[in-house]
1. Taking every pair of Cα atoms in region 69-161, average 1/r, invert it to obtain the Kirkwood radius, and report Rg/Rh to two decimals.
2. Would you calculate the separation in nanometres between label points at residue 124 and residue 85, each defined as 7 Å from the Cα along the Cα-to-beta-carbon direction?
3. Distance from the Cα centre of region 145-161 to that of region 106-134, in angstrom?
4. By how many nm would the segment from residue 68 to residue 96 lengthen if fully extended, with 0.36 nm per residue of separation less the alpha-carbon distance?
5. Once the piece of chain linking residue 56 and residue 140 is laid out straight, how much longer is it, given 0.36 nm per residue of separation minus the C-alpha distance between them?
6. Could you list 245, 134 so that the one with the fewest beta carbons within 10 Å of its beta carbon is first and the one with the most is last?
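Nothing in this text is a laboratory measurement; each read-out follows from the coordinates by a stated rule. Note that the structure is predicted; figures quoted are calculated from it, not measured. Backbone-built Cβ (ideal geometry, glycine too); neighbour counts: all protein chains shown.
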């Protein structure tokens, strides 16, 4: 009988110690959750944090006030608002092209950018995967950087982008997919070719020349008239801005 009492006492002591430890751990978890998430329920805090990450726009590297005066000194006819609008249009069309697996939806860009887009679509198709960008919204666009190189200048715009996409397993559509909001950043680069010799040797860099009126590709450098719409070009194919890259910033 004495042995049974001792065993029960030990069991109760262990249970009491375990319960005390559990209470302390629970208290510590609640304190941490309250400090980190503002709620004592850590699971609710994690859900709130996830929801906040889905609805809070990404910050962008905004250096417009630094670089725009330099750009205007180099290019007095540069129209910032128009170029920013073009950059956003190119970004939207790039994402919609990926979403629809249709490279022709890209509004403008160099051959290098077009090739990059086609490769991305082909790689997704070969892997049996899809990427979707629904209800795209651009929160903010700023100049990230401005570079001057020999015969070539480039401006990189950075945009904070929101879109909805279905949650998938291995990138493949699943029955009952639920859409969620995603926040990301994208860089869009636009280049300006100043030097004819550099431009003539830039085939490997994917330099594309397009008519400013109809958008058709031009057959050669230095053309004066567009062969498709007869619009005068006046060296447009050398001294003009062309969009050369679109990339997500992790």
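1. 1.03
2. Roughly 2.8 nm, to one decimal.
3. Cα centroid to Cα centroid, the span is 22 Å.
4. In short, 7.2 nm is gained.
5. The residue 56-residue 140 span can extend by a further 29.0 nm.
6. Starting with the residue having the fewest Cβ neighbours, the order is 134, 245.
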